[in-house]
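Below is one structure, written out as structure tokens, with a few remarks after it.
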Amino acid sequence: MWAVHRDGAVHLGILEGDLRAGWHARFGTIPAEDLGIVAAYLNTAGSWTNGRTRIRAAKGMACIHLADGPVRLLHQHAAARLQVLCTIVDRGAALPHTAPAQPARVTPRRGGLAIDVAVVGHPLADGAVTADPQGGVRMSVPTSAGPLELLLPALPLLVAAAEATNDDMALRLWGTDIVGADVVVQVPADTARAAAAEAQWLLPGFARRFGEHAV
């Protein structure tokens, strides 16, 4: 689930599908005059609808229904973030905007990507990936020298993640350390594929429809 704000309203989007069947983005809107109501209902197990988009809340979770689209159950933290977003936009507060980062250069490899980045430190765990509003995928990798933050292009990552899934392997990123030795960072392939698909199809769909960055 993604959300953008424009002209006082909050617009919601869900990406559904897969590589074989194709991807489809579904959208809904919480109008400006209902943001306060939705924020309150998210906190008091209420139910709101405008006839096309419906939000039901219970026990800290929220169920989102979009017209002609999927139903998504938001866990407690996601429901709380939606509540905070509705409250901030309703009060007219400015939301933070981050400048776009330059994506790292990558070279396709079977089941992974070679990244043109010097990795300082030894990776301590799998990387975590999230779709970026600028159309890339942000990766954070804990290393012995601190977190490694990367912005990767979505389409090559999507293809590499699909290959890794077909091979029943984790997605691998090959980098080099400061002396030129190979360093391998692993990412769960299904997580990387979902983030890359959002960056490739859902977020550009938001930009075309609403002209705002996702938050």
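Share of the chain's accessible area from carbon and sulfur, percent, 1.4 Å?
Numbers: 5810 of 11200 Å².
Whole-percent figure for carbon plus sulfur exposure: 52.
Keeping all protein chains in place and using 1.4 angstrom, which order do Arg20, Arg209 fall into by accessible surface area, from largest down?
Values: Arg20 205, Arg209 130 Å².
Most to least solvent-accessible, the answer reads Arg20, Arg209.
Per q in 0.15, 0.16, 0.19 Å⁻¹, report the Debye log10 I(q)/I(0) for region 1-57, using one uniform scatterer on each alpha carbon and no solvent.
For region 1-57, the Cα-only Debye profile gives -0.50, -0.55, -0.71.
Measure nothing fancy, just the Cα-based angle from helix 76-90's long axis to the longest principal axis of the chain, in degrees from 0 to 90, nearest 10.
Tilt of helix 76-90: around 60 degrees.
Suppose accessible area is computed on protein heavy atoms with a 1.4 Å probe; arrange Arg110, Arg54, Arg26, Arg172 from highest to lowest.
Details: Arg110 145, Arg54 100, Arg26 80, Arg172 55 Å².
The residues order as Arg110, Arg54, Arg26, Arg172, largest area first.
Would you rank Asp7, Asp177 by solvent-accessible area, highest first, keeping every protein chain in place and using a 1.4 Å probe? Write down the numbers at each step before the final one.
Values: Asp7 140, Asp177 40 Å².
The ordering from most to least exposed comes out as Asp7, Asp177.
Over the Cα atoms of the chain, what is the Rg over Rh ratio if Rh follows Kirkwood? Before the final figure, lay out the partial values.
Details: Rg = 19.0 Å, Rh = 18.6 Å.
Over the Cα atoms of the chain, Rg/Rh equals 1.02.
Only helical DSSP H runs with n ≥ 4 go in: add -39500 (n - 2.57) per run for the chain, normalise by residue count and round the 222 nm mean residue ellipticity to 500 deg cm²/dmol.
Values: 5 runs with 55 residues, N = 215.
Theoretical 222 nm ellipticity from helices: -7500 deg cm²/dmol.
Which whole-number value in Å² is the accessible area per residue of region 1-57, probe 1.4 Å?
Details: 2860 Å² over 57 residues.
Result: 50 Å² of accessible area for each residue.
The values are calculated or read from the model by the stated rules, or taken from the named source; none is laboratory data. Bear in mind that the values here come from a model prediction, so they are computed numbers and not experimental data. All accessible areas refer to the heavy atoms of the entire protein, side chains included, with ligands and DNA or RNA removed. Shrake-Rupley method; radii C 1.70, N 1.55, O 1.52, S 1.80 Å.
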